[in-house]
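The values are calculated or read from the model by the stated rules, or taken from the named source; none is laboratory data. The structure presented is a predicted model; accordingly, all values stated were derived computationally and were not measured. Note that each Cβ is placed from the backbone with ideal geometry, even for glycine, and that neighbours are counted across all protein chains shown.
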Amino acid sequence: MAGSLAAAACFPGPGASPAASAKTSKNMAGELPDSLSVHGIVAKPGAPSGNMQVKAQAQALPKVNGTKHNHKNASADTEEAIPYSAPKTFYNQLPDWSMLLAAVTTIFLAAEKQWTLLDWKPKKPDMLVDTFGFGRIIQDGLVFRQNFMIRSYEIGADRTASIETLMNHLQETALNHVKTAGLLGDGFGATPEMSKRNLIWVVSKIQLLVEQYPSWGDMVQVDTWVAAAGKNGMRRDWHVHDYNSGRTILRATSVWVMMNKNTRRLSKMPDEVRAEIGQYFNGRSAITDEQSEKLSKPGSTVDGDAAKQFIRKGLTPRWGDLDVNQHVNNVKYIGWILESAPISILEKHELASMTLDYRKECGRDSVLQSLTTVAGECVDGHPDSTIQCDHLLQLESGADIVKAHTEWRPKRAHGGEGNMGFFPAESA
C-alpha cells in the first residue's frame, strides 16, 4: 500500500493539475480535503449550484493484521456534500460528434432520395408510371397494363418462366384492373353490387397460346380487358409481350360466371352488376376465332387405341392453395394437371397451348387424382414431333374437377431465336 501511495504521489493521473498533486500529498494520512471532485481534482471555491452533488461517506480503515474486517458507514452527521465539476479536457470541449454525424446522414439520404426521383429519366414515357408494378389504365379506360420482372424463383429447370408463373401474372392483372377501376368491393375481385348479393366470380374456361417463354431478369408487359360473354358471363382476355422487344409471349382468353358465395350455386348476372362493368367492355379478342377453333377441346383428339395413360393419385390441397373464397386457386389446377405428365415430355418439350374446362370447385378436404393421356408419337419415342395430351383432374370419388387439352412442341435452344434467355445452351 505504501508503494502504491508513493507511486501515486510521484506520477499523478492524466489531467491532474499541480495543485491537485500537492493537495493529494498533503492528505496521504487519510485526511479528506474540504472540496474534492470525483476525479481527484480540487474543486474551485464558489462552484455553480447546478453541479452534481456527491455524498462522501467516511469509512473506518480496515485492519491489516488478519483480523475480521468490519466495514461500517459513518453516521449521517459525518456526510458532507461535495460539488463535482467535470475536468476541462480537450475531449470534453469537443462537440457531440454522434449527433452531428446523424444529422449529416439524414440530410444526405433525404437529398439522395429527392435527386433520384427528380433526375431519373426513363427510356420510355410509360415506364415511370409503372416503375413499381402498380399498373395503369390505358386506351380510353378499356385496357389495363402492368409490368412484371421475372424473378429467379419463378423459373424452372430449363431456366425459363413456368406456365404457372405466367398464369399468376394473368390473375394478378385481372384483380388489379378491377381495383384500379374502382370496382373492387369487399370480395376477391367482386364489384360492390356483387358483394351486396354475396356473388363471386368463378372461371369456366381458359384458352392460351404460348409463343415463347421469358427468362430470369426479363420484363414482361401484360395487357388485359373484358367483354361480354353471352347473357350471364364475362370474357377476359390477355396479351403478354416482352417489354423491350415487343414480341408476343402469350395470348389468353377466359370466360367467367357468377356463383353465390353461400349456396355455391351459379347465378345470373344482375342488371346492377352489368351496369357496373358494361362501360369497360371491349370487343377486341386476344385469340381469334380461327385460332380458337384450332385449340382442340379436351378428350377430342387423342385416340385411345394409340395412346398411353399416366396417373398420379393422392393429391390434396394445402392451406396455401386456397384463395379468400375458400376454394383452390385455378392456377393450382394447372400444376396438378402436369403432375401426371411423363417426365420425357417435360424434359424435351414445352407447352405451346392449353385449353381448360372447369367443371367443379375443389375444397381443402378434397383428395384428387390426375390422369394424362398421351398420343402415340411420344410413346414411340419421337422427341422432335408435336405432342398432344388430354388431361383429367377428378376427385377420387369420381367427380370431374377440370378437363384439359395440351399441345407440346420441342424445346428451343436457350438464347436462340424466339427465346429471350441469355444463358447459353448446355452441351449434351
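Restricting attention to region 100-108, does a residue exist that is modelled with pLDDT under 95, assigned to a loop (DSSP other than H, G, I, E, B) and surrounded by 10 or more Cβ atoms within 10 Å (Cβ to Cβ)? Scanning region 100-108 turns up no residue that is modelled with pLDDT under 95, assigned to a loop (DSSP other than H, G, I, E, B) and surrounded by 10 or more Cβ atoms within 10 Å (Cβ to Cβ). Only one entry in Ser215, Ser254 is under 30 Å from the mean Cα position of the chain (by Cα), of a type in the set (Ser, Thr, Tyr) and closer than 24 Å to Lys403 by Cβ, namely Ser254.
The set of residues in region 240-284 being surrounded by 12 or more Cβ atoms within 10 Å (Cβ to Cβ) and of a type in the set (Gly, Ala, Ser) consists of Ala252, Ser254, Ser267, Gly278. Looking across region 189-222, the residues that are in contact with a helix residue (DSSP H, G or I) (Cβ under 6 Å, 6 or more places away or on another chain) and in a strand (DSSP E or B) come down to Val203, Val222. In region 361-381, the qualifying residues are those that are at pLDDT 80 or above and in a loop (DSSP other than H, G, I, E, B), and the one that is surrounded by the fewest Cβ atoms within 10 Å (Cβ to Cβ) is Asp365.
Listed here are the residues, each with its yes/no results for (1) at pLDDT below 90; (2) under 20 Å from the mean Cα position of the chain (by Cα).
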| residue | (1), (2) |
| --- | --- |
| Ala110 | yes, no |
| Lys123 | yes, no |
| Leu142 | no, no |
| Gln146 | no, yes |
| Ala157 | yes, no |
| Gly185 | yes, no |
| Thr191 | no, no |
| Asn198 | no, no |
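For region 308-355, a tally of residues being hydrophobic (A, V, I, L, M, F, W, C) and surrounded by fewer than 16 Cβ atoms within 10 Å (Cβ to Cβ) returns 4.
Can you spot a residue in region 388-407 that is touching a helix residue (DSSP H, G or I) at 6+ places or on another chain (Cβ under 9 Å), surrounded by fewer than 21 Cβ atoms within 10 Å (Cβ to Cβ) and under 21 Å from Val203 (Cα atoms)? No: zero hits.
Being more than 30 Å from the chain's Cα centre (by Cα) and not aliphatic (A, V, I, L, M): is that true of Glu347 here?
Numbers: more than 30 Å from the chain's Cα centre (by Cα): no; not aliphatic (A, V, I, L, M): yes.
No; evaluated as a whole, the condition is false for this residue.
Inspect all residues belonging to region 152-159 and state whether any of them is in contact (Cβ under 8 Å) with a residue 60 or more places away in the chain, assigned to a strand (DSSP E or B) and of a type in the set (Ser, Thr, Tyr). The answer is no; no qualifying residue exists.
Just one of the numbered conditions (1) over 33 Å from the mean Cα position of the chain (by Cα); (2) closer than 26 Å to Ala352 by Cα is not true of Glu272: (2).
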